[in-house]
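Novice: Submitted below is the structure of interest, expressed as structure tokens.
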Amino acid sequence: MGEYIEVLPPMKRVHEDWYQGTADAVFQSFQSIEADAPALTLILSGDHIAKDILPKNLARDRVIAYDFHDINAKLARYWRDVGTLDAYYEANMDLVNVVPEFNLYDQRWPIRTKATQQPPAKFVFAQEGRRMGLAVDSIVSAGCIVSGGRVLHSVLSPGVRVNSYCEVEYSILMPGVEIGRNSRIRHAIVNTGVKVPESKVIGFDLEADRAAGYHVTEGGITVVA
């Protein structure tokens, strides 16, 4: 029927940088769009559809709104703008609530995502005192090992390692992060592959975090890149 779907990976077609945003992604992919010479091009991404495109077209075009009803049967329809680090942090913290706004476990609306080949999460050491491998009110992904550390109200991405005597609270650990022994992490986002040294304290003293070269958001979240 002359129809197809093609996925275009990011390519440095125009300059030496990867996509710098929605507009730049379209700009760098324009050769592919031009090659097909479509009669219409529909670009769907981000807030400009609602803070730009729709309001400008209300006076001159027929604009139709679709009333979205959340299949999770919540009163509020779920929408989160995660365009800032603070908003991204809050969206993740909502996921670990007992009854989150956005329910990842609702079988009526399954979330399709990348399935990584990882072993199950593992929790080791259960000695009395501080050396206990446990996670409470948290999401722990496949491939994680909580080895004698304590995790509270946090999101652990695939392949994270939390070593003995650590305390991780209200934080997001991206894939491949390793937290060294005796470290304390609170209200932080730790970027992919970061190895936090032993006995590191992050998120307790924001001025000390800034002095260490970490970015601190307006909402007081320390970002370890």
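Novice: Out of the residues in region 205-215 that are assigned to a loop (DSSP other than H, G, I, E, B) and open to solvent by less than 70 Å² (accessible area, probe 1.4 Å), state the one that is nearest to T116 (Cα to Cα).
Specialist: Per the criteria, the residue is Y214.
Novice: Spot the failing condition for E169; the list is (1) touching a Leu at 6+ places or on another chain (Cβ under 9 Å); (2) over 28 Å from G83 (Cα atoms); (3) of a type in the set (D, E, K, R), and only one is missed.
Specialist: Only one criterion is unmet by E169, namely (2).
Novice: Cβ-Cβ distance below 6 Å, separation of 6 or more or different chains: which pairs start in region 158-182 with a residue that is aliphatic (A, V, I, L, M) and end on one that is open to solvent by 50 Å² or more (accessible area, probe 1.4 Å) and in a loop (DSSP other than H, G, I, E, B)?
Specialist: Final answer for the pair search is M174/N191; M174/T192.
Novice: Sticking with this structure for a sec: Considering each residue of region 197-219, count those that are among the hydrophobic types (A, V, I, L, M, F, W, C) and either within 27 Å of G83 (Cβ to Cβ) or in contact (Cβ under 8 Å) with a residue 60 or more places away in the chain (or both), and give that number.
Specialist: Final tally of qualifying residues: 4.
Novice: Let me ask something else. Kindly indicate whether R130 is surrounded by fewer than 17 Cβ atoms within 10 Å (Cβ to Cβ) and in contact with a Phe, Trp or Tyr (Cβ under 9 Å, 6 or more places away or on another chain).
Specialist: yes
Novice: Out of region 93-113, which residues are under 15 Å from the mean Cα position of the chain (by Cα), more than 23 Å from E169 (Cα to Cα) and open to solvent by less than 100 Å² (accessible area, probe 1.4 Å)?
Specialist: Within region 93-113, I111 is the sole residue that qualifies.
Novice: When you go through E218, E128 one by one, which is the residue that is within 21 Å of D94 (Cβ to Cβ), acidic (D, E) and either assigned to a loop (DSSP other than H, G, I, E, B) or at pLDDT 95 or above (or both)?
Specialist: Sole residue among the options that is within 21 Å of D94 (Cβ to Cβ), acidic (D, E) and either assigned to a loop (DSSP other than H, G, I, E, B) or at pLDDT 95 or above (or both): E218.
Novice: Checking V99 against (1) free of Cβ contacts under 8 Å to residues at least 40 places away in the same chain; (2) within 21 Å of K195 (Cβ to Cβ): exactly one of these is not met. Which one?
Specialist: Exception for V99: condition (2).
The values are calculated or read from the model by the stated rules, or taken from the named source; none is laboratory data. Predicted model, so just to flag it, every value in this text is computed and none were measured. Glycine gets a Cβ as well: all are built from the backbone with ideal geometry, and neighbour counts include every protein chain shown. To get the accessible areas, we keep the full protein, side chains included, count just its heavy atoms, and leave off ligands, DNA and RNA. Shrake-Rupley method; radii C 1.70, N 1.55, O 1.52, S 1.80 Å.
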